[in-house]
Amino acid sequence: MAEIQAAAARTRDMGEKTAAFWKMEHLSSAFLKQRQPGQSLRDASMPIEIRPIAHCGMGIAAVEVAEFQALPLSQIIDSFSDPEYRLFAYEGAGAMLALYEPDLFGLMTQVSRKLGLLPLAPLKRPDHHAFLRAYEPEVQRLIAHGYGRMLYFKNHSISSAVRDAQRAYYLQTRACVQGIAFAYSMVNNSDLISVFRAGEECSQGDLGAAFRDGLIYALEFWEWMAPGFLDGLAPRRHFEADLIRTAREALALARIRGALAPFSVERPVIS
């Protein structure tokens with residue numbers, strides 16, 4: 001994972017930078033499932049640049065190991081995580097909750113699993129109300145973010161994904177929409193100008209602010225993993241410049257604290 005991160009930090013290719021996330025997410029997931037006694041993500045030698053994505057991937061595997069049972073899931077995450085990054089794992093759990101939804105997308109993935117086309121575990125999706133009630137509001141927020149991230153892949157447009165987020169009344173809608181925007185940024189990494197333009201068009205109202213935060217956090221996530229990424233961006237409009245400025249301010253706070261906030265855009269308090 002450290003080698004993948006180092007290569008991603010060197011390249012100017014946005015596709016390679018983004019693919020590094022998916023590679024590291026897969027490796028950290030495999031690490032949990034193949035772990036030996038005493039192994040965890042608490043290794044002090046692990047670069048801070050890979051800790052957020054490592055815990056996201058670990059959360060995906062933790063769901064498989066715990067089979068969607070809330071208490072065992074929390075026990076696995078707590079025992080395997082760096083305490084500063086444990087909450088990132090619940091975002092991955094939220095993505096799994098959406099992946100195993102009994103809808104058309106879920107049916108297609110299960111058929112693909114049975115045909116051997118997708119390496120998915122044969123899990124029974126839990127009752128979402130009972131599953132969410134087992135967790136504090138902050139964990140529920142991260143589950144909703146991961147769920148929203150997957151909603152983007154399950155829809156043909158941003159608007160339809162947002163409508164699905166609004167229908168999922170049992171989840172925190174703003175966090176769900178932020179996850180949609182985060183995924184939208186990652187998938188369309190080769191054309192951030194269009195991403196920013198879409199963000200500006202969707203920036204009105206409470207959900208618009210959530211969508212904007214998803215774009216900002218995507219910038220933070222890239223910069224944390226590949227320092228210097230933001231220096232390569234040349235904003236053309238005030239909206240773009242504002243996103244980049246906010247990401248820089250949030251990252252400055254994270255650097256002072258020594259850890260990236262889990263899918264939350266931190267803003268300086270102005271007294």
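Read the figures in this text as sums done on the coordinates, not as results from a lab. The structure displayed is predicted, hence computed values, not measured ones. So basically every Cβ, Gly included, is an ideal-geometry build from the backbone, and we count neighbours across all protein chains shown.
Built from the Cα atoms of the chain, the convex hull projects on average onto 14.6 nm², one quarter of its surface area. Taking other C-beta atoms within 10 Å as the exposure proxy, W224, W22 rank W22, W224 from fewest upward. Per-residue Cβ neighbour counts within 10 Å put H128, H156, H145 in the sequence H156, H128, H145, beginning with the fewest. Taking θ as phi - 60° and the Karplus parameters 6.51, -1.76 and 1.60, the scalar couplings of the range 78-94 work out to 5, 7, 9, 8, 6, x, 5, 10, 4, 5, 4, 5, 6, 5, x, 5, x Hz in sequence order, x denoting glycine and proline.
Seen from G57, the other residues with C-beta closer than 12 Å to its C-beta sum to a net charge of 0, counting Lys and Arg as +1 and Asp and Glu as -1. Gain on full extension, evaluated as 0.36 nm per residue between S45 and Y170 minus their Cα-Cα distance, stands at 41.1 nm. Here M186, M225 are placed in order of increasing Cβ neighbour count within 10 Å, fewest first, which gives M186, M225.
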